[in-house]
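Structure first, commentary second.
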Amino acid sequence: MVNTRWAALGVAAALVTACSVGGTQPTKPLFTQAPAPQTGGPSCLLPDVPTVDDGRGDPYFPKDGGPGYDVTHYKLKLKYDPPTDTLTGTATIEATALERLSELHLDFHGMKISKATVGGTLVTPTRIDDSLTVPLPVPVEKDAKLSVQIDYSGVPQSLDEGNAFGTNGFLHTTEGAFAIGEPHSATTWIPVNDHPRDKALYDFELTVPANLAAITNGVRTSETVAGGLKTSTWKVTSPMATYLATLAIGDYRVTEGTHKGLPVINAVHNSIPATTRVDEDIARNGEVLDFLVEKFGPYPFDALGGIVINDDRISFALETQTRPIYGNGFWGATRSNTDVIAHELAHQWFGDSVSVDTWQHIWLNEGFATYAQWMWAEDEGRVTTQQEFDRRYATETSPIWSVPPGCPGRARIFDSSVYNRGAMTLHMLRDKVGDEKFFTILQTWVKQKKDSNATTPQFIALAEEISGQQLDDFFNAWLFGKSRPRI
Ligand code: TRP
Ligand code: ZN
């Protein structure tokens, strides 16, 4: 998958037409009533690709995932041996057929498969690059339940995705390992249907040397030590996109507690001096969460926390579900940084609970998390959201004006425009519809889309419905235009 899908890029890029900026027509009906005929949205959004690549239909990443089935549950039994960098796993994948099926297409990078069964019957999977085909012993009809078990082991290999995405996936450290990456990461340590369209529940069992911490997503349900090994079990009880799965094994200082009944587990790598502000800031997780709950409505998950790694390869943070991972670079020796915590925790609503339907809708994650971060900074009395907006708007030559956040193109899904012009779009929407309607739009969005997937046209439609305003000219200019919108 990883090598060959780059070839599709040229095709996808050729399909991108100029983004439309509509003229002003006061009598134009609401977007909801007049969707564009083919894609149901602005012309620069790409239609789903046919599943010719045996992928899940993502126009930017056509080879990701597989068609025709829905994974409901991953049960993962994982053992990691740091001295040999060896991961040994058993993945039990429960799925439902969405159509008549004779094989399953999963994604898996590296590792050696020692045994695979479907419903208890031995099968022989095949692999081309990172695309794993599991034949079914007999074809199944739509709605059939499937249980696939894959035993594997090996030295997990990270994904080098080039400049646009960096090094992602399972990364070895001096004494342990961690997994981080977007849009890909899980394939380096779990056989998965690697697309956010197929979210599933997870159960993890992690076994590591007893002297190391092992942390993953969700609620920890047990921990036992025997024969020099520590085994812990974890439950993810809300559907999770594959890229949001994480694990961290190593020498961490772990703090456990509760926040309003939510179990909290924070971990900071012990190589980070206790003299930095990291521990203190991470301990404010619950406080940041309360602020966001006030803006967006109930927290969608049943566990909370954060993992701070210390690794030169990772200079960012990721909103891994219930427990974001933070690179220590956000703090440095003396700096305090709760903005990054607000950003990653806001993603729990925008990105994790409400996930992109395809990657072109990425501003629904990054624009919203960035705006939440601005609101938090304002609440802390540092910089106002208006100042954040004004400073960026004043820069007429900024590269954000040439990249439309609503259809950034495959190589630019993490462009500054997606984050900052995305957040500016929300700030302008707020200005246009007023605070009350703005927050009603956000709260209704996360409520309606909880545990599912969403698109930009759906957000625009909801904003129009709640505000009663015709907003497609507005969104065309802010999300899909290739120039600085007039205000
Ligand atoms: N989604 C992350 C954030 O803004 C940023 C990110 C993009 C990332 N790609 C990544 C983080 C790969 C880690 C690895 O919060
Ligand atoms: Zn983000």
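Every number here is computed from the coordinates shown, using simple stated rules; none is lab data. If you're wondering where the values come from, they're calculated on a predicted model, not measured in any experiment. Backbone-built Cβ (ideal geometry, glycine too); neighbour counts: all protein chains shown.
Once C-alpha pairs closer than 8 Å and six or more residues apart are averaged by separation and normalised to the residue number of the chain, the relative contact order reads 14 percent. Please name whichever of 222, 254, 233 sits farthest to the positive end of the charge dipole of segment 198-270, dipole taken about the Cα centre and charges placed at Cβ: Lys and Arg +1, Asp and Glu -1. Working it through, the farthest residue towards the positive pole turns out to be 254.
Say the cut-off is 27 Å between C-alpha atoms; which of 77/142; 63/295; 75/230; 145/449; 449/482 go over it? From 77/142; 63/295; 75/230; 145/449; 449/482, over 27 Å: 77/142; 63/295; 449/482. Here the dipole of the chain is about 340 debye; that uses its Cα centre as origin and unit charges on the Cβ of Lys and Arg (positive) and Asp and Glu (negative). The dipole here belongs to segment 406-487: it is taken about the Cα centre, uses +1 on the Cβ of Lys and Arg and -1 on the Cβ of Asp and Glu, and is about 340 debye. Pull out a ≥ b ≥ c, the square roots of the eigenvalues of the alpha-carbon gyration tensor of segment 203-309, then state rounded if a/c is under 1.5, prolate if not and a/b is larger than b/c, and oblate in the remaining case. Cα axes put segment 203-309 in the oblate bin. Considering only 268, 303, 322, the residue lying farthest towards the positive end of the dipole of segment 260-394 is 268, judged by Cα position with unit charges set on Cβ.
By the Stokes-Einstein formula, at 1.002 mPa s and 20 °C, segment 69-346 with its Kirkwood radius over alpha-carbon pairs has D equal to 111 µm²/s.
First check a/c for segment 231-279, with a ≥ b ≥ c the square roots of the eigenvalues of its C-alpha gyration tensor; if it is under 1.5, answer rounded, and if not, answer prolate when a/b is larger than b/c or oblate otherwise. Prolate. Counting other Cβ atoms within 10 Å as a rough exposure proxy, the listed residues 240, 428, 375 run 428, 375, 240 from fewest neighbours to most.
Give the relative contact order (percent, whole number) for segment 69-346; include only Cα pairs under 8 Å separated by 6+ residues. Relative contact order of segment 69-346: 15 percent. Ellipticity at 222 nm from helices only: DSSP H runs of n ≥ 4 in the chain, each -39500 (n - 2.57), divided by the residue count, give -6500 deg cm²/dmol. For the chain, the C-alpha radius of gyration divided by 2.2 N^0.38 Å, with N the number of residues, is 0.97. Could you name the aspartates and glutamates whose alpha carbon sits less than 12 Å from that of residue 235, not counting residues in the same chain fewer than 8 places away? Filter leaves 203, 205, 302.
Which percent of the Cα-Cα distances in segment 119-261 go past 24 Å? Of all Cα-Cα distances in segment 119-261, 42 percent exceed 24 Å.
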